Structure formats: structure tokens, C-alpha cells
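Worksheet for the structure shown next.
The values are calculated or read from the model by the stated rules, or taken from the named source; none is laboratory data. All of these numbers come straight from a predicted model, not from anything done at the bench. Note that each Cβ is placed from the backbone with ideal geometry, even for glycine, and that neighbours are counted across all protein chains shown. Surface accessibility is based on the protein's heavy atoms, side chains included, excluding ligands, DNA and RNA. Shrake-Rupley method; radii C 1.70, N 1.55, O 1.52, S 1.80 Å.
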Amino acid sequence: MYRLQINPEEKTPKYKQIVSSVIHDIGKGILKRGDHLPSINYVSEEYYLGRDTVEKAYRELKELGYISSVAGKGFYVEGSPTNKIRILLVMNKLSSYKKIVYYSFLKALGDKATVDLHIHHYNATLFREIIEKNLGKYHYYVVIPHFYENIDKVDIQQTLEQIPRDELILLDKDLPEVKGEIISVYQDFEKDIYQALETGEDLLKKYERVVLVFPSDGNYPQEIARGFKLYCIHYQKKFVIIENAMDEKIASSTAYIVIEETDLAEIIKKIRQTPYEIGKEVGVVSFNDATLKELLSITVITTDFETMGRTAAALLLDKKKLRIKTPFSMIRRQSL
């Protein structure tokens, strides 16, 4: 007799656990088309559940196309409605760089999967609603776990705990507090900026002062600022962190590290109003590469977003539970 995976200790509603168990086992080939499912009465008695709970689960599975019913005979497996892996991708935002991750992820999956995209906008409550609404409907849940700095991290972890470990994939940011074997393809923001700047020390050493333009309202990981400080302290640099470039007075022998492109444009405009030359008296480094930055010969420190999406897809398809850091590097150009 087929055994459902139901954990009485989990906070996930029991009907969702039934739905998730059946979909999971269909995806893994444990349940095959035509297999007979346990009756509602049997599941109710065997797992100490109310009939309405089991009925709700079976009804949802029928609506999703995973099972069918025959009057007087019971419920039968239909298989995956699309015969493809179903993936829910939950991003914090759909920036130009996140689009690179998204499209490289889709391209690497090819026709083996269908991907539904949701955006949580850094909002923990919205994230929880997205996950709880879709539990049991997908084979995998790919999450980019960037949220406001002041949110309750316990709330985020509790939401993630509802997702079975073999269905959870973390993207862009690793969460060590999420225990167990999972797929995680991530940036290490603190080490990444430190090591990238360190590789460019031969260029940065001619600047006495380094300025990080780090918007407080941009929801950027604080690890970036910490890594920047560690680099400056270790290499005995004078440094300052400012929120935007609007009020900055350009000074000679200063290198500017800029995250947002609006601040990059402002810094370049201000430098052009001085007698200083970019790459000599004043240095400029931008986060994340783009065609325009290449044309302007702006030095960048960047992760490989295309590799990030492609690696996540490969691990998913190969069913390899690994935590892999995405390459991060400095691309040297004339602005430094």
C-alpha cells in the first residue's frame, strides 16, 4: 500500500502535505500513471485525519490534473499534467541582473521544466503568502532570500521550513541557518567585495581615500559594507560610506565604489566638472557589468549571473544537493 509522507510536527496544513507527497512521488516516479491511491476512508483512519482534510487534498490534486476518480472504484494517478518538472521561482525583484539569472536558468532547463515566477519585493509577509498558497503544487521551490534588514529572520526561516528540503533551492544568497542538504548557488557578499578589491590593490594603492556609495534604501546586503570596511582597514585606507552621490564633493586621490547606476552617472558627471582625469587622479569602480560600462571603460566588480542560473539548473536536473559559491571578480578597465 502506498505510504503518504505526512509529518504531524510540521506547521504545513495536513491537506497540503498530502498534495505535496503525491506530487513529489509522481515526479520521482514512485507513483505511476494508473496507480490506485488509498481511499479517503483509509487515509483518514491510517493517518488520524478528518475526512474533509483528505477530500480537500484529493480535490486539489484532481483540479491540478495529477489524479482522477472513477465512481465506485476510487482515485487513480494521471501523472504530471505536463510531464515536465514544475518549478516555482520566487525572486526579490526583477532587475536587469536578475533577468540574466532567470533567462540562463530557463535556457539550461530547456524543455524539461516549466517555471512560474513570483516576486516577493523584499516583503516577508508576501513571501509567506506565496509559499503557503503554492505548497504541494511544484516539484521545486527556487528562492532568492533577500529581505528588508529589519524583518524577523525567524519568520523567514519558518516559511522556508515548510518547504521539503529536497525541493528547496536557494539562489544568490546562502542561509547557513537553513540546515540539511539543499541546493544553494550563492554570492558571499562580504568575502566577494574584499577579495575583488584585493585583486585590484595594485591599481587602488595610488588612491589615498576610498568612498563606497551605499544607498540605505536599496535593500543591499550589509555584508557588502562590512567587506569594504575590512579591505580598507587591512590595507590602511582612509574610507567613508555615503548614501548617495548627490552631495559628494569630488576630491583628488579618491576612488569611488558605486552600486547603483544613478550614482555612477552622478559621480562621472561631477568628475567631468573637475580638472581630474578618471583613472589617474580619481578612480571609479561599479558593481555589476553592463554594455554601457564596457563602452565607457568603467572598472567593475561583478558576479557571474549567467553561471549562477545555469549552475542552479544543472544541480536541479542532476539532483545534486550542493552549496556552490558563484565566481566574483574585478574586470579591469581604464577608470581605475
Inset, instruction - Mind listing just one residue for me: the one in the range 30-52 that is touching a Leu at 6+ places or on another chain (Cβ under 8 Å) and of a type outside the set (A, V, I, L, M, F, W, C) and, of those, least open to solvent (accessible area, probe 1.4 Å)? - result: Pro38
Inset, instruction - Find the residue count for the range 293-321, including only residues that are open to solvent by less than 80 Å² (accessible area, probe 1.4 Å) and part of a loop (DSSP other than H, G, I, E, B). - result: 4
Inset, instruction - For residues that are more than 15 Å from the chain's Cα centre (by Cα) and assigned to a loop (DSSP other than H, G, I, E, B), tally how many sit in the range 323-336. - result: 6
Legend entry - Pairs where the first residue, in the range 105-120, is modelled with pLDDT of 95 or more and the second is of a type in the set (D, E, K, R), C-beta under 6 Å, 6+ apart: Ala108/Arg310
Legend entry - Candidate set from the range 266-285 (those that are open to solvent by less than 60 Å² (accessible area, probe 1.4 Å), out of contact with any helix residue (DSSP H, G or I) (no Cβ under 7 Å at 6 or more places or on another chain) and without any contact (Cβ under 8 Å) to a residue 60 or more places away in the chain); member that is nearest to Ala225 (Cα to Cα): Ile267
Inset, instruction - Residue by residue through the range 1-29, note down the ones that are open to solvent by 30 Å² or more (accessible area, probe 1.4 Å), charged (D, E, K, R) and in a helix (DSSP H, G or I). - result: Lys14, Lys28
Inset, instruction - Scan Tyr148, Tyr138 and give me the residue that is surrounded by fewer than 19 Cβ atoms within 10 Å (Cβ to Cβ) and touching a residue at least 24 places away in the same chain (Cβ under 8 Å). - result: Tyr148
Inset, instruction - Select from the range 53-68 the residues that are assigned to a helix (DSSP H, G or I) and surrounded by 14 or more Cβ atoms within 10 Å (Cβ to Cβ) and list them in ascending order. - result: Thr53, Val54, Glu55, Lys56, Ala57, Tyr58, Arg59, Glu60, Leu61, Lys62, Leu64
Inset, instruction - Determine whether the range 151-171 contains at least one residue that is open to solvent by less than 10 Å² (accessible area, probe 1.4 Å), touching a residue at least 60 places away in the same chain (Cβ under 8 Å), among the β-branched types (Val, Ile, Thr) and part of a helix (DSSP H, G or I). - result: no
Legend entry - Members of the range 1-56 that are under 24 Å from Glu129 (Cβ atoms) and of a type in the set (Val, Ile, Thr): Ile6, Thr12, Ile18, Val19, Val22, Ile23, Thr53
Inset, instruction - Evaluate the following for Lys32: is it in a helix (DSSP H, G or I) and not aliphatic (A, V, I, L, M)? - result: no
Legend entry - Extreme residue, nearest to Ala124 (Cα to Cα), among residues of the range 210-250 that are surrounded by fewer than 14 Cβ atoms within 10 Å (Cβ to Cβ), over 30 Å from the mean Cα position of the chain (by Cα) and hydrophobic (A, V, I, L, M, F, W, C): Met246
